[in-house]
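The values are calculated or read from the model by the stated rules, or taken from the named source; none is laboratory data. Since the structure is predicted, the reported quantities are computational estimates derived from the model, not experimental observations. Cβ coordinates were reconstructed from backbone atoms using ideal geometry, including for glycine residues, and neighbour counts include every protein chain displayed. Please note that ligands, DNA and RNA were not included when accessible areas were found on the heavy atoms of the full protein model with its side chains. Shrake-Rupley method; radii C 1.70, N 1.55, O 1.52, S 1.80 Å.
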Amino acid sequence: MKQMEEKILAEGKVLPGGILKVGSFLNQRIDTVFLKDMAREIAALFVDSGVNKVLTVESSGIAIAAAVGMEMGVPMVFAKKHKSSNVDGTVYSAPVHSFTHNSDYNMVVSTDYLCRDDRVLLVDDFLANGQALHGLIALAEQAGATVVGASAAIEKGFQGGGDSIRAMGIRVESLAIIESMDDTGITFRR
Ligand code: 5GP
């Protein structure tokens, strides 16, 4: 998505440790007009996939996932991040390591909100090492649901998470894929 690349070049800030800051339009101040454009683009990519649920993880995935759900006319479910595993049979649960925050957590979603008939589209703001999406895939597997694909607003291709999920046979569509970035500039995958 050309607009996304332009937005990243205009407003993104590359921080040490391979972190891209996009607080001005995606992570803190949300550009709602652009959010709708992003959601339309993702919804159009998966329009023929029979999606009946959008799944993300709190908190930074919620805005874009809700917007995609609205465009597709389907509910959005977000997994919560818990410190303890809380496995009491009423939730699906998967351990996740966050490299960005250097922390571990359990991703949980109530068994009420994910089921074997679901055709799930995974949506997140960033796709980096892929731990968040692998956690969501594990939750869908526990529910017996079908993952029809995954989409991130921004994929950091150099961290390999997106390609590891593509290698599982899952369709991954990111609105922009950053091939490399440092304080001298950002290049995109072509
Ligand atoms: P992953 O699990 O793919 O390594 O990382 C995905 C999660 O980490 C995203 O949900 C996002 O919140 C966060 N994240 C990873 N890299 C970045 C980044 O460069 N910038 C921002 N703002 N968040 C990131």
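Suppose each label sits 7 Å from its Cα in the direction of the beta carbon; what would the VAL47-GLU179 distance come out to in nanometres?
Between VAL47 and GLU179, the simple spin-label model gives 3.0 nm.
Specify the angular offset, from 0 to 90 degrees and rounded to the nearest 10, of the alpha carbon long axis of helix 2-11 from the longest principal axis of the alpha carbons in the chain.
70
So in the stretch 59-177, what percent of DSSP beta bridges are antiparallel if you round to the nearest 5?
45
Helix 62-72 versus the longest principal axis of the chain: what angle, 0 to 90°, nearest 10, using Cα atoms?
80
Explain nothing, just the number: relative contact order of the chain, from Cα pairs under 8 Å at least 6 residues apart, as a whole percent.
Once divided by the residue count of the chain, the mean separation gives 18 percent.
Restricting to Cα pairs below 8 Å that are 6+ residues apart, what does the relative contact order work out to for the stretch 109-190? Please round to a whole percent.
28
Working out 0.36 nm times the residue gap between ASP104 and ASP117, then minus their Cα-Cα distance, what length gain in nm do you get to one decimal?
Residue separation times 0.36 nm, minus the Cα-Cα distance, leaves 1.7 nm.
Give the lysines whose C-alpha is closer than 26 Å to that of LYS13, dropping any in the same chain fewer than 8 places away, or say none.
Cross-link targets: LYS2, LYS21, LYS36, LYS156.
Roughly how many whole Å is it from the C-alpha centroid of the stretch 127-190 to that of the stretch 1-49?
Using only Cα atoms, the two centres lie 14 Å from each other.
How much of the calculated P(r) for the chain lies past 22 Å, in percent of all Cα pairs?
The share of Cα pairs beyond 22 Å in the chain comes to 43 percent.
How large, in percent, is the carbon and sulfur part of the accessible surface of the stretch 95-190 at a probe radius of 1.4 Å?
Summing carbon and sulfur atoms, their accessible area is 46 percent of the total for the stretch 95-190.
Using the alpha-carbon atoms, what tilt in degrees (0 to 90, nearest 10) does helix 131-143 show relative to the longest principal axis of the chain?
Helix 131-143 and the main axis of the chain meet at about 20 degrees.
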